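Down below is the structure, laid out as structure tokens.
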Amino acid sequence: MLSRTPAPLDTRAEPPVAPAFSRPGPRLVRALLSVLIIALAWIALARQRTWSVAQSALVAQARSLGLEGAELAELAVRMRREADPTAARSALAARLFDLELVVRDPGSPASAERLLATRELAREILRAEPASWQAAMLLGAAVSLERSRARDTRIFSLARDWERPLVVAGELAPAEPQPRRLLAAAYLEVWPALAPEKRRKVEALLREAFREPRTFERLYAPWVEIAGGREGSLPAAATLLPDQPLTWRRLATTAFERRTWSAYAELTVRHRRSLRASFEHDLALAGGQVARGDLAGLQVARGLYGELLAGAPVDAEFAPLVETVLGSLPPGPAHESEIRAADAWLAWAQPLCLVRQCPFSTAAMARLASLAGSTLAGSQAAFVALAAQDLPRAELLERRSDELWSEPWAPFLTFKARQQAARKEIAAARATLGTVHRAFRVRLAWLELAERLGVVGVSPGPPLARDRWEAADWWFDHGASRLDLLPARAASALWLEFAEPVAAGALLEAQWDGRALPPLAVPAGAAAVRLPVEVASGTGIQPEPHLLEVRVRWGALRPAARVRLE
């Protein structure tokens, strides 16, 4: 009987069967998503309500600290744009501190309250954001300013309270200059307590800080008090100040207020030197804008040229630079400052045109007249037209006037006679001179021309060329005392001899042939003062006329004194 071999058993384990879970249905998914959206919306709404409450609290705090009107509205809009309360607090703290930098009454309770609020807001910000350089900067600056105003000795004994936050702010934001500026300002408050080595480090901070205009204005007075507090030491204060016209002008103004005339004269000269260098730089910059050839460049150049014209001192040193400006100034409506400058330059040029030669070209005189426009009186406009060789316009203005007989028209008629004489129209020149107002016939311009042309009826008088002039020879215009003189010989100075000794001293500012001279101090009790000028007597037999202008800058003095050659 055959046996059957059993089949081998399959020993492989059966895979476990995973329990079957049914996928959630569409309704359940939508329900879950709805719950999630509602939760997120509730969270956002809660945050928004919290943020709105915080905004309202910050706006109320700003109002309680003195902000109002457009300033408060602008700050409120700025704070609402921020993403969280911390950023809004930073905006409020920064605005409060900016107000303290320009406050007029730093000792008021409101000012102290704003500084306190700035300090506390900065601390709140640092608790939320320890790496905020703005908060660290505001904390240190507020502590320093608060203690300085309160005369709190802790500004010296606990200097770390303000020094450390400001240093940290500079380290956190090395590209930001403001922390270093505020640190320099804080060090200036404790300058007497700084060691010499520390001062040298602080000087670098101050030198950088003074380059920023707002910081310059804020720190100028305390720095000058520290560095230039002694009599006559004001120029020493310039060691850390930038070499720019503003610096020298402010220092000269301070010297004037202190009545330190030697320092004032030195600083005035340095101001003019710096102003000329700045003027030449800006001229080159404006020329480069014109060279671009596009509308944007012309607009920039128009603004630069206008600023140069308005800011140039009115004297012979700057006249050539102004002539360049007038020849390059793109067309356009004249700004009010340009109109005033044109008036001043024309008033300065007129007596020089009469006594010597016109200091501007005909084209420049025409451009000045165009800028001045209707501000010129008829007699002035006619004179400038003659100087610009615009004879038809000069004749038109002359025909339209019924006041040719009056004194304001005397300079025009004298200048017209000179031009007629230059064209060999001798008879016409004599006739024109005869119509000049009698009050003007004592002036050198009229007398010299009448003598040269042999005008009939001119009574003989003393020689025009002399070495002494009396007080009656002066004439007055635009707040200045002027003397036109024809020297009989060359000299290196003039002496102004006063009718009586000067009681309390004075300060004179003079121009010689239109060129400004250094300020001249007249000491108390002086009966005369020496004016160093180069008096040329001319070439050959023809003397050279000169024009002296003197203004009293300070003191009670009548500058129309007896004048003699040295």
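The values are calculated or read from the model by the stated rules, or taken from the named source; none is laboratory data. Source: prediction; values computed, not measured. When we count neighbours, we look across all protein chains shown, and the Cβ atoms used for this are built from the backbone with ideal geometry, even at glycine.
Suppose we filter segment 135-160 for residues that are among the acidic types (Asp, Glu) and either surrounded by 17 or more Cβ atoms within 10 Å (Cβ to Cβ) or under 22 Å from Glu208 (Cα atoms) (or both); how many remain?
Selection size over segment 135-160: 1.
Would you call Ala524 without any contact (Cβ under 8 Å) to a residue 60 or more places away in the chain and closer than 23 Å to Pro411 by Cα?
When the stated conditions are applied, Ala524 does not pass them.
Go through (1) touching a Ser or Thr at 6+ places or on another chain (Cβ under 8 Å); (2) over 23 Å from Arg482 (Cα atoms); (3) not aromatic (Phe, Trp, Tyr) for Ala382 and report which single condition fails.
(2) is the only condition that Ala382 fails.
Looking at this structure, is Pro532 surrounded by fewer than 20 Cβ atoms within 10 Å (Cβ to Cβ), modelled with pLDDT of 90 or more and within 31 Å of the chain's Cα centre (by Cα)?
no
Could you tell me which numbered condition Leu483 fails, if it satisfies all but one of (1) under 30 Å from Leu557 (Cβ atoms); (2) surrounded by fewer than 19 Cβ atoms within 10 Å (Cβ to Cβ); (3) of a type in the set (A, V, I, L, M)?
Every condition holds for Leu483 apart from (2).
Can we say Ala135 is under 34 Å from the mean Cα position of the chain (by Cα) and under 17 Å from Ala62 (Cβ atoms)?
Criteria not met by Ala135.
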